[in-house]
Amino acid sequence: MSERELLISGNWKMNHTHFEAIQFVQALSALLRATPLRAGRALSVHPAFTALRSVQTALESDGVPVALGAQNCHESEKGAFTGEVSAEMLKKLNVSYVIVGHSERRQHFGETDELVRAKADIVLRHAMTPIVCVGETLAEREAGEAKGKVGRQLEAVLSARPPAVVAGMVIAYEPIWAIGTGRTASSEDAQQMAAFIRATIGHVAGADAAEGARIQYGGSVTPDKAGELLRRRDVDGLLVGGASLDAESFHEIALAR
Ligand code: PEP
């Protein structure tokens, strides 16, 4: 079990209207009042942009101990980018965490390592925490290239940053073959890749950065798999997609041990 604060994040993707999102927060709030999180754990939820304001209000008015997160942002401060949302806009909604470089964005929207770095830059500039997603495809894993791919993704986003900044970042290891497939990585695979990620952070940004940065696992996490993953030394939390859409299953994952 990691000694760092565990962060369990729910990535809702393109699900939940703002009405459904409010119902989710009310349900999660009641569950957390009945059975609170244990010390050393934190939660974040990442609604679609249209539900951020409603979720912010619901969390803050009820004092729900859950941080607000976003799923993406644009890499520029502002300007003629029709349909995009800026980091400043997110910060004004009290967003704490922003997912950058999710594999679905890399795959469907052509996000490159350079773009992911630029997004992490602007998130940090606005005093929010990027959750940087990295991970390999099944073909890359089978070809023995998982560490090479993830190492390159990490270097691109972490190099030439002050160690204290890297120490505050979150890296989500999400093997692409495990996302939305029902095929969770074994806790042994998750631990091995998390340890590799920590070692790479150490090479790129130094030991203090490696010690401080949190490494989540993501990919078909369910309540029955969460405890085993969270018990691994280098796994400091979970990034949960499908199973985070239901308040009860997200709460069960949050409590798993
Ligand atoms: C994700 O999209 O980050 C994810 C891990 O999804 P799922 O849990 O549904 O595999």
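The values are calculated or read from the model by the stated rules, or taken from the named source; none is laboratory data. Not measured: the values here are computed from a predicted model. Because the Cβ atoms are built from the backbone with ideal geometry, glycine has one as well, and the counts that use them run over all protein chains shown. Accessible surface areas use protein heavy atoms only, side chains included; no ligands, DNA or RNA. Shrake-Rupley method; radii C 1.70, N 1.55, O 1.52, S 1.80 Å.
Quick rundown of the values:
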{"item": "Selected residue (only one of GLU228, GLU211 is open to solvent by 10 Å² or more (accessible area, probe 1.4 Å), within 19 Å of GLU3 (Cβ to Cβ), within 16 Å of the ligand (Cβ to nearest atom) and touching a residue at least 40 places away in the same chain (Cβ under 8 Å))", "result": "GLU228"}
{"item": "Residue list for region 93-116, restricted to those being more than 14 Å from the ligand (Cβ to nearest atom), touching a helix residue (DSSP H, G or I) at 6+ places or on another chain (Cβ under 8 Å) and in a strand (DSSP E or B)", "result": "VAL95"}
{"item": "Close pairs (6 angstrom Cβ cut-off, 6 or more residues apart or separate chains): more than 23 Å from GLU188 (Cβ to Cβ) in region 234-247, part of a loop (DSSP other than H, G, I, E, B) and open to solvent by 20 Å² or more (accessible area, probe 1.4 Å) anywhere", "result": "LEU245/ASN15"}
{"item": "Residue list for region 16-55, filter: under 21 Å from ILE99 (Cα atoms), touching a Pro at 6+ places or on another chain (Cβ under 9 Å) and assigned to a loop (DSSP other than H, G, I, E, B)", "result": "HIS16"}
{"item": "Residues of region 117-135 classified as in contact (Cβ under 8 Å) with a residue 40 or more places away in the chain and more than 14 Å from the ligand (Cβ to nearest atom), total", "result": "11"}
{"item": "Top-ranked residue of region 178-190 - restricted to ones that are within 10 Å of the ligand (Cβ to nearest atom) and open to solvent by 10 Å² or more (accessible area, probe 1.4 Å), ranked as farthest from VAL150 (Cα to Cα)", "result": "GLY182"}
